[in-house]
1. Just to be sure, is Met265 modelled with pLDDT of 65 or more, surrounded by 14 or more Cβ atoms within 10 Å (Cβ to Cβ) and out of contact with any helix residue (DSSP H, G or I) (no Cβ under 6 Å at 6 or more places or on another chain)?
2. Determine if segment 18-37 includes at least one residue that is hydroxyl-bearing (Ser, Thr, Tyr), under 16 Å from Leu105 (Cα atoms) and either in contact with a Pro (Cβ under 9 Å, 6 or more places away or on another chain) or surrounded by 22 or more Cβ atoms within 10 Å (Cβ to Cβ) (or both).
3. For Leu127, which of the numbered conditions (1) at pLDDT below 95; (2) in a loop (DSSP other than H, G, I, E, B) fails to hold?
4. Does segment 337-355 contain at least one residue that is on the phi > 0 side of the Ramachandran plot, touching a residue at least 12 places away in the same chain (Cβ under 8 Å) and not in a helix (DSSP H, G or I)?
5. When you scan segment 250-258, do you find a residue that is outside any helix (DSSP H, G or I) and either farther than 26 Å from Asn166 by Cβ or modelled with pLDDT of 95 or more (or both), even just one?
6. Restricting to segment 192-231, give me the number of residues that are in contact with a Gly (Cβ under 9 Å, 6 or more places away or on another chain) and under 19 Å from Lys175 (Cβ atoms).
7. Among the candidates Val335, Val309, single out the residue that is surrounded by fewer than 18 Cβ atoms within 10 Å (Cβ to Cβ) and among the β-branched types (Val, Ile, Thr).
Amino acid sequence: MKTKFIHFLRLVFPSSYTELAIFLFFVTCYGILGSYIAIHYRIIFDNRIPWDAYFSFDNKSILMTGGSFERHPLSYYFFNWVREFSLFISGGKMDSTFRLTLAWLSNIIISLNIIQVYKYVRNIIRLPFNLSLLIILFFGVFSTNILLSFTPENFTYTLFLLSLYNYYAAIKLKKEEKTPALALSLAAISIGGLTITNFVKVFIPVLFEKNLFKNWKKLGSAALRVSIAAICYILLYLNRIDFKYETIFSKTNQQYEKFSNVETMPTWDMILSFFFGGNILFPSFILSDKHNMQGFAFKGLYMDLYSSVFSYLFIGIILILISWSYLKNFKNKWVQVIMISFFIDIVIHCMMRFGLHTSYIYGGHFVFVYPLMLGWLFYAYAGSAKILSFLTVTVSILFVYLLANNWFRMSEFFWFMETYYQ
């Protein structure tokens, strides 16, 4: 038991001096950003604003209720702990100390998410340190990581849990070991409990266990483990809603109708600017007049469609690199696990159009795919110095452009807070 606990700590937290240095770097950078916002502005948490203060995040709603049960079945329990811990630190007051605690919880979680991706590219893909560092720095300035580093939301914790589980599952596949029923159940409850659409992703690695479809015993074992995890999850979900299962269908249909019928923007542009783009590269912003349904008016900030050809070019290059990596590594089981998970989000948001107009906020479900697939692309050309140099230069240029763009857009975000949220 003690050995397993030590292995768990080494899995979740930095386990080498290099990992610790990377963690401290990001926790410091994100911490400075989040601390300044928490102390000087009320945007992270304001009792009067339940949702949509910035980029459709539901900070207060999530903290107080865990979000809607049909989309976030078990997050109510998790955010009770987050809220009570933050209130304990702030002495029961929802003030700047409360906001600061929330920001630092998010900061630590997102920094640990960065570490999970670094562990993956170093220990699973086995890239050299310089390439691993380039990928991590690139990933670290994604708009999703920047925003979630101070935002108390489901996506913040979902991103970390999915990155952690992908690394854990990759280790199991590498060792040709099966994922235990307990691990599957915990992953299903935590990941699926925070956002229901991620539930099925937990079981994808099981499909790639060695000789699964060639051995009836292994197939039966997998079916049993999946069944145990699914039953545990379903029982907890039904208990959450007092076993009134009929409300799941009615509420889910309402949510789908609400978030899928937006005709004001071209679908192709929302897919590029919001689903593939907004999670990485900030577009320009637009202001909106909002109210809390109880007489209080406030300003909301949303992402607009891309207006620069360079933004479309940036996202186009990223998609080419990811597609290139997938085709080159098509027979790689680790790559298939990553991409099947990604395809689930593409189907939900791009094909079914659920939340497509605000799909940049769903980056916590899949944004880790980009650095991992870039890592596998570098791996595929480890023996070709010319292509490796080309890829390194390309990602370096993308990183510089991304850093400059997101730095500029964050300055606009600070103007927004300075004007409306002091």
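The values are calculated or read from the model by the stated rules, or taken from the named source; none is laboratory data. These numbers were taken from a predicted model, which means no experiment stands behind them. Because the Cβ atoms are built from the backbone with ideal geometry, glycine has one as well, and the counts that use them run over all protein chains shown.
1. Details: modelled with pLDDT of 65 or more: yes; surrounded by 14 or more Cβ atoms within 10 Å (Cβ to Cβ): yes; out of contact with any helix residue (DSSP H, G or I) (no Cβ under 6 Å at 6 or more places or on another chain): yes.
Considered against the rule, which asks whether it is modelled with pLDDT of 65 or more, surrounded by 14 or more Cβ atoms within 10 Å (Cβ to Cβ) and out of contact with any helix residue (DSSP H, G or I) (no Cβ under 6 Å at 6 or more places or on another chain), Met265 comes out as yes.
2. Taking segment 18-37 and keeping what is hydroxyl-bearing (Ser, Thr, Tyr), we get 18, 28, 30, 35-36.
If we keep only those that are under 16 Å from Leu105 (Cα atoms) as well, we get 28, 30, 35-36.
Now drop any that are not either in contact with a Pro (Cβ under 9 Å, 6 or more places away or on another chain) or surrounded by 22 or more Cβ atoms within 10 Å (Cβ to Cβ) (or both), which leaves 30.
There is at least one residue in segment 18-37 that is hydroxyl-bearing (Ser, Thr, Tyr), under 16 Å from Leu105 (Cα atoms) and either in contact with a Pro (Cβ under 9 Å, 6 or more places away or on another chain) or surrounded by 22 or more Cβ atoms within 10 Å (Cβ to Cβ) (or both).
3. Answer for Leu127: the failing condition is (1).
4. To start, the set of residues in segment 337-355 that are on the phi > 0 side of the Ramachandran plot comprises 353, 355.
Filter again for touching a residue at least 12 places away in the same chain (Cβ under 8 Å), leaving 353, 355.
With the extra rule that they be not in a helix (DSSP H, G or I), the set shrinks to 353, 355.
Taking every residue of segment 337-355 in turn, at least one turns out to be on the phi > 0 side of the Ramachandran plot, touching a residue at least 12 places away in the same chain (Cβ under 8 Å) and not in a helix (DSSP H, G or I).
5. Residues of segment 250-258 outside any helix (DSSP H, G or I): none.
So far as segment 250-258 goes, no, none of its residues is outside any helix (DSSP H, G or I) and either farther than 26 Å from Asn166 by Cβ or modelled with pLDDT of 95 or more (or both).
6. Residues that pass the stated criteria total 1.
7. Values: Val335 fails: surrounded by fewer than 18 Cβ atoms within 10 Å (Cβ to Cβ).
So the residue among Val335, Val309 that is surrounded by fewer than 18 Cβ atoms within 10 Å (Cβ to Cβ) and among the β-branched types (Val, Ile, Thr) is Val309.
Residues checked against (1) surrounded by fewer than 23 Cβ atoms within 10 Å (Cβ to Cβ); (2) touching a helix residue (DSSP H, G or I) at 6+ places or on another chain (Cβ under 6 Å):
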| position | (1), (2) |
| --- | --- |
| Tyr41 | yes, yes |
| Trp51 | yes, yes |
| Thr65 | yes, no |
| Ser75 | no, yes |
| Ser90 | yes, yes |
| Asp95 | yes, no |
| Ser106 | no, yes |
| Asn113 | no, yes |
